[in-house]
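The values are calculated or read from the model by the stated rules, or taken from the named source; none is laboratory data. Everything numeric in this text was worked out from a predicted model, so none of it was measured. Positions of Cβ are generated from backbone atoms using ideal geometry, with glycine treated the same way; all protein chains shown enter the neighbour counts.
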Amino acid sequence: MIALDASALLAWLFREPGHEVVAEHLGSACLSAVNLSEVIGRFARDGHDAGGVAERLATLPVEVVPFGAAEARDAAALLPVTKPLGLSLGDRACLALARSRGIPALTADRAWLEVASGVDVRVVR
């Protein structure tokens, strides 16, 4: 099992460098609902129907994990170590998910390698 960051899923969707690495993990991946929102938002920003995009993404073999109060607390606790590197709420949500499940996090953002989060971070490019 691996936690997907929005950047990794977008790399796969747009066939960007590293998409092959993401493809290898899709069948055993989970994704925070915050990261799902980021991916849908990327398409909505470009004029696509958010509902239609969400329906298409729902067909992926990826577990979408709700973002509740416990997840919010865990993501917020990462703020001091991630803020200097410019990581977003979505980035912290993915890291918190990976940490809570004891699984690696997959991202396209190399800055994550500098985070002392206790998470095995894997970068796709």
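Summary of values
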| item | result |
| --- | --- |
| Filter pass, residue 108 being without any contact (Cβ under 8 Å) to a residue 12 or more places away in the chain and surrounded by 15 or more Cβ atoms within 10 Å (Cβ to Cβ) | no |
| Residue 81 being at pLDDT below 95 and aliphatic (A, V, I, L, M) | yes |
| Residue check for residue 59: among the hydroxyl-bearing types (Ser, Thr, Tyr) and either in contact (Cβ under 8 Å) with a residue 60 or more places away in the chain or in contact with a helix residue (DSSP H, G or I) (Cβ under 7 Å, 6 or more places away or on another chain) (or both) | no |
| Set 71, 55: member being under 20 Å from residue 2 (Cβ atoms) and acidic (Asp, Glu) | 71 |
| Answer from 43, 14 - the residue that is out of contact with any helix residue (DSSP H, G or I) (no Cβ under 7 Å at 6 or more places or on another chain), of a type in the set (A, V, I, L, M, F, W, C) and more than 28 Å from residue 102 (Cβ to Cβ) | 14 |
| Boolean, residue 44 is without any contact (Cβ under 8 Å) to a residue 12 or more places away in the chain and among the small types (Gly, Ala, Ser) | yes |
